[in-house]
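Let me begin by presenting the structure, written as structure tokens, before commenting on it.
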Amino acid sequence: MKFIEEIVVEQFLPTVRSMLAEALRERGLTQSEVATILGISQSAVSKYAHGEVAHNERVLADERVRELVTDLADGLASGDVRPVAALVECEVLIRRLERADLLADLHEEAVPELAENGGFSIHDPESDLRSAEKVRASVRRGLRTLETTSGFGGLIPNVGSNLVECLPSATSIDDVAGVPGRIFDVKGRAEIPGEPEFGVSEHVAGVLLAARAGGVEARAALDVRYDPDLLARLEGEYRTIEFDADDDLEAAIEAAMTDPNAGRNGSTAGSNGSGNDAIAGTPVVLYQTGGFGIEPVMYLLAADAPRTAALVRELV
């Protein structure tokens, strides 16, 4: 773990201080005067002057850095610029270089994972990478719930289960995180093959995306085996919608969502057919009763992966 502030301290500041110290000495200032302006010791100025401090060549070569050093050295040497004003100008440049620029590049080189999911803007609290990591963490929490729920293995369909959660503005399966492969029942215990990844679930992710396109604002889904008794229990609490397994998945779910009778089984807000149940805290259940070569399955949809997984505990 390496913070961008460490990049600033270890690579940017020594280089800029060295450049400033050299520029100020070239303008006739003494080591003592340079030390006072830069807020460092005379011995440090001496080390800068004798090249005993390592430079970052990319910072040294950056035209914006060189221009700022020249302007600040002129102003500091003449007295037109106070040290505090020079500090402010340096901070402004640092903030600029942290935003998808030189310092951000150096940070990504030190921590390559930051380049995933479109990169990371240090001053953007809703960056793509941060959002993706929050989704992965949410799926992990949901998986832990499933692993510790006695009886979950008995709810896993023959084709396996998957727990998925999507980014807030998901448009494709690449925006949905799930388990690589499937979750299978191994001697009564859920076997989870790996860490959550984006783009690894096609079927359950497709169901989630189709439901969202149809108006359900859930961001997570889990498939479990179809059982009429389990469905009857769910119908008393949640909005339940049947779709045709033999049709194209997206088209079948869209048709089911627009059916005026869809969702009338539930006893909650779903009875009016509105699509915002999951976001309001009421999960939605999509199901199909099978088709030619297709296993019947129920899909539990809720606001996030932990809440989706929590539904399983109500069923076992």
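The values are calculated or read from the model by the stated rules, or taken from the named source; none is laboratory data. Quick caveat: nothing in here was measured; it's all calculated off a predicted structure. A quick note on method: Cβ atoms are made from the backbone with ideal geometry, for glycine too, and the neighbour counts reach across all protein chains shown.
General observations
- Cβ-Cβ contacts under 6 Å between residues 6 or more apart (or on different chains), taken from a first residue in the stretch 143-161 that is surrounded by fewer than 14 Cβ atoms within 10 Å (Cβ to Cβ) to a second residue that is not in a helix (DSSP H, G or I), are listed as G151/V316; N158/E295.
- Annotation note: of A213, A170, A205, A177, the sole residue that is without any contact (Cβ under 8 Å) to a residue 60 or more places away in the chain, surrounded by fewer than 19 Cβ atoms within 10 Å (Cβ to Cβ) and of a type in the set (A, V, I, L, M, F, W, C) is A213.
- Qualifying residue in the stretch 117-135 (condition: at pLDDT 90 or above and either farther than 30 Å from L315 by Cα or surrounded by 14 or more Cβ atoms within 10 Å (Cβ to Cβ) (or both)): yes
- Residue check for A54: modelled with pLDDT under 90, surrounded by fewer than 19 Cβ atoms within 10 Å (Cβ to Cβ), farther than 16 Å from L24 by Cα and not charged (D, E, K, R): yes
- Single residue of the stretch 90-115 satisfying the filter (assigned to a helix (DSSP H, G or I), among the hydrophobic types (A, V, I, L, M, F, W, C) and in contact (Cβ under 8 Å) with a residue 60 or more places away in the chain) that is nearest to K2 (Cα to Cα): A110
- Of all residues in the stretch 66-89, none satisfies being touching a residue at least 12 places away in the same chain (Cβ under 8 Å), surrounded by fewer than 14 Cβ atoms within 10 Å (Cβ to Cβ) and of a type in the set (G, A, S).
- Residue in the stretch 85-94 that is over 30 Å from S169 (Cα atoms), in contact with a Lys or Arg (Cβ under 7 Å, 6 or more places away or on another chain), modelled with pLDDT of 90 or more and not small (G, A, S) present: yes
- Restricting attention to the stretch 216-232 and to residues that are crowded, with 17+ Cβ neighbours inside 10 Å and of a type in the set (G, A, S), the residue that is modelled with the lowest pLDDT turns out to be A218.
- Count of residues meeting criterion [among the charged types (D, E, K, R) and in contact with an Asp or Glu (Cβ under 9 Å, 6 or more places away or on another chain)] in the stretch 298-314: 2
- For beta carbons closer than 6 Å, sequence separation of 6+ or different chains, a first residue in the stretch 218-240 that is assigned by TED's automatic domain parsing to the domain that holds V176 and a second that is of a type in the set (D, E, K, R), the qualifying pairs are R219/E165; R219/D304; A220/E165; A220/D304; R239/D277.
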